[in-house]
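First up is the structure itself, then whatever we jot down about it.
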Amino acid sequence: MTADAYLDLLGDLAITAGHSRSRVSNDNPMSESQFNTMKYQPDSPRRFQSLEHARLWCEDYVDWYNFSHHQSGVANFTPAQVFIGQHHEIAGLRQEVLSQSYQRNPKRFVKGSPTVKMQPNIVYINPVLDVDGRPDPTAAVNFPTLEGGKSKLLIIH
């Protein structure tokens with residue numbers, strides 16, 4: 001099956017074709033990032049002594065990652081805080097502290113009153129941009145080298 005026929009088939013079945021990076025079908029940036037974080041943990045063993053050792057270490061790692069690891073990709077909240085919606089409450093507390101600090105010493109904040117950064121509501125991988133340079137969620141997936149990709153409208157969700 002050629003790539004053109006494959007994309008036509010996906011379009012006929014109303015299946016959205018997607019790639020982690022442009023035309024790289026075997027890459028998953030989320031799992032690559034996760035593996036990188038795991039690999040460079042200070043307590044990551046160079047080798048596991050046994051399968052049980054690997055399982056125990058991974059259980060501890062996943063617990064730390066979900067409940068203690070403040071990630072820049074989600075505005076320095078933990079994944080658990082974002083998942084359960086607790087990040088809004090925490091952002092409010094952070095904003096109170098920032099506002100109090102600003103009231104005590106406004107000259108310290110050269111750009112004015114600070115605000116808490118929140119994670120984006122929508123995240124895109126290789127967005128198709130509209131004429132103003134903003135991501136267009138109704139645009140077709142951009143496969144410039146594949147004619148079959150142009151024959152069907154594949155919506156990005």
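The values are calculated or read from the model by the stated rules, or taken from the named source; none is laboratory data. A quick note: this is a predicted structure, and the numbers were derived from the prediction, not measured. When we count neighbours, we look across all protein chains shown, and the Cβ atoms used for this are built from the backbone with ideal geometry, even at glycine. We work out accessible area using only protein heavy atoms, side chains counted, and drop any ligands, DNA or RNA first. Shrake-Rupley method; radii C 1.70, N 1.55, O 1.52, S 1.80 Å.
Got a sec? What order do Ile84, Ile15 fall in by accessible area at 1.4 Å, biggest, i.e. largest, first?
Result of the area sort, largest leading: Ile84, Ile15.
Need the full-extension length gain, His70 to Phe48, defined as separation in residues times 0.36 nm minus the C-alpha distance. One decimal, nm.
Length gained between His70 and Phe48: 5.3 nm.
Within 12 Å, Cβ to Cβ, of Asn76, how many net charges do the neighbouring residues add up to if Lys/Arg are +1 and Asp/Glu are -1?
So the environment of Asn76 carries a net charge of +2.
Can you pull the accessible area of Arg134 for me, 1.4 Å probe, Å² to the nearest 10?
130
Sorting Phe35, Phe77 by accessible area (1.4 Å probe), largest first, what list results?
The residues order as Phe35, Phe77, largest area first.
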